[in-house]
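K.L.:
One structure is given below, represented as structure tokens, and several questions about it will come after.
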Amino acid sequence: MADNISPLEAEIRRLIGIAGPMPIAQYMRLCLTHPQFGYYLNRDPLGSGGDFITAPEISQMFGEIIGLWLAAVWKELGAPENIRLIELGPGRGTMLIDALRAAKTVPAFHAAVVLHLVEISPALQKVQERRLEPLGLPMLWHTALEQVPAGPCLIVANEFIDALPIHQAVKQSDGWHERGVVIGADGALAIGAMRDPLPHFEATLPRGLRMSPEGSIYEWRSDAATLEISRRVREDGAALIIDYGHAWYGLGDTLQAVCGHAFADPLRSPGEADLTAHVDFQALAQAAESIGGRSHGPVAQRDWLRRLGIDQRAAALKAHAPYGKSTEIDQALSRLTASGARGMGELCKAMAIADPKLRELPGFERP
């Protein structure tokens, strides 16, 4: 086995040999963002030729709905003459292309936009530049949100938070132990637990989870990204977050890998597959509100899209579609809004974080 391992797996094994079990968060970070061998640094993973397809790649309707949402929220912010439109992890730029095409119906908004793309992948930066240049808008690239200049802003993060590293802890007889990657008895990478329990960990859990049975697994992420988003939008801004996840705290192991449009073992071929884990939207909301942002939602992606008119948009596209395209539009609409394993409508959630002066945002209206 040792003769066939990749350079990144060799590095992971070396680090485990020095320090012992590697926390899941460190493992994810190395697999995704290692400067030489990280998954996101060296490829374009999107589309039919990549490893997965995101909502903007499924249908233009998704980006168009977001574009109209952004224009509406810009008006609620007082229509600033210069608005920083920031996308975190813009992929191939598809969502922005569709969003800004739809936003041309609000010419003043379109004219106010300066694009700021937060992207760590040099390969994807090149794709974005080539595809977005025809928009004729000012564009700047950054590797972190902190690098974007201050000022009125709109932030979009679609399937971004789920790729941020998670920690996991497992309940054992003597307390909660952080889970990590180890070298198993058969010589392969495996999941194990740190020897010593995490001190006072149970007191940090949501009250409803503190009496969990042995074997329970709890996941959490650093609040750093959410706090930075909230800091940016709590005065003259709003952020839209759409991702896979759960609305309330829960237990369970959601770490997964995707390669070639199929689920894979997260511990095999490090750096060759996309690693993600579900988003805890309740934790996002609490972190955002702790420093002065106002959270809206989460709501199911299906409900959010339908409140904003995706069914009507699909009908309009079908009315002018070439022969045979109506079925494709129906299939795309179903994938974006359907429940179950093959649909994104229920598992994906939408949430906004905004300046508290924005009392209610489109799609998040209370029933």
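Computed from the coordinates by the stated procedures, all read-outs in this text should not be read as laboratory data. If you're wondering where the values come from, they're calculated on a predicted model, not measured in any experiment. Virtual Cβ from ideal backbone geometry, glycine too; neighbours counted across all protein chains shown.
K.L.:
Over the alpha carbons of segment 114-223, what is the largest minus smallest coordinate on each principal axis, giving the biggest first in Å?
P.N.:
61, 39, 19
K.L.:
Let me spell out the model: positive unit charges on the Cβ of Lys and Arg, negative unit charges on the Cβ of Asp and Glu, origin at the Cα centre of segment 246-295. What dipole size does that give, in debye rounded to 20?
P.N.:
Dipole about the Cα centre, nearest 20: 140 debye.
K.L.:
Can you give the Rg to Rh ratio for segment 262-319, taking only C-alpha atoms and Rh from Kirkwood?
P.N.:
Rg/Rh for segment 262-319 comes to 1.19.
K.L.:
While we're looking at this one, here's another question. Toward the positive end of the charge dipole of the chain, about the Cα centre and with charges on Cβ (Lys, Arg +1; Asp, Glu -1), which of Ile65, Leu132, Ser295 goes farthest?
P.N.:
Result: Ile65, furthest along the dipole toward the positive end.
K.L.:
Once the Cα atoms of segment 191-247 are picked out, what are the Rg and Dmax in Å?
P.N.:
So, for segment 191-247, Rg and Dmax equal 16.1, 47 Å respectively.
K.L.:
So if each residue of separation counts as 0.36 nm, and I subtract the Cα-Cα distance between Ser222 and His320, what length gain in nm does that give?
P.N.:
30.6 nm
K.L.:
So what's the convex hull volume per residue for the Cα atoms of segment 213-271, in Å³?
P.N.:
Hull volume over Cα atoms, normalised by residue count, gives 161 Å³.
K.L.:
What residues qualify as long-range amide H neighbours of Asn42, i.e. H under 5 Å apart, gap of 5 or more or another chain, H built at 1.01 Å from N?
P.N.:
Result for Asn42 returns nothing.
K.L.:
Could you work out how much longer the chain between Gln331 and Ala79 gets when fully extended? Use 0.36 nm per residue separation minus the Cα distance between them, nm to one decimal.
P.N.:
Computed gain between Gln331 and Ala79 is 87.1 nm.
K.L.:
Specify which residue in the list Ala203, Ala262, Phe281 is farthest towards the positive end of the charge dipole of segment 188-322, using unit charges on the beta carbon of Lys, Arg (+1) and Asp, Glu (-1), about the Cα centre.
P.N.:
Phe281
K.L.:
Scaled to the compact-protein estimate 2.2 N^0.38 Å, what is the alpha-carbon radius of gyration of segment 1-143, rounded to two decimal places?
P.N.:
Relative to the rule-of-thumb radius for its length, segment 1-143 sits at 1.33.
K.L.:
Quick one: if you take sqrt(5λ) for each eigenvalue of the C-alpha gyration tensor of segment 245-367, what semi-axes come out, biggest first, whole angstrom?
P.N.:
Working through the eigenvalues yields semi-axes of 28, 26, 11 Å.
K.L.:
Run through the DSSP bridge list for the chain and note the antiparallel percent, rounded to the nearest 5.
P.N.:
60
K.L.:
Against the empirical 2.2 N^0.38 Å scaling, what ratio does the C-alpha Rg of the chain come to?
P.N.:
In units of the 2.2 N^0.38 Å rule of thumb, it is 1.02.
K.L.:
Check each of the chymotrypsin sites (Phe, Trp or Tyr not before Pro) in segment 260-334 and keep only those in coil by DSSP with at most 11 other C-beta atoms within 10 angstrom; list them in order.
P.N.:
Loop-located and lightly packed - Tyr323.
K.L.:
If the reach is capped at under 25 angstrom between alpha carbons, list the lysines near Lys357, excluding any in the same chain fewer than eight residues apart.
P.N.:
Lys75, Lys349
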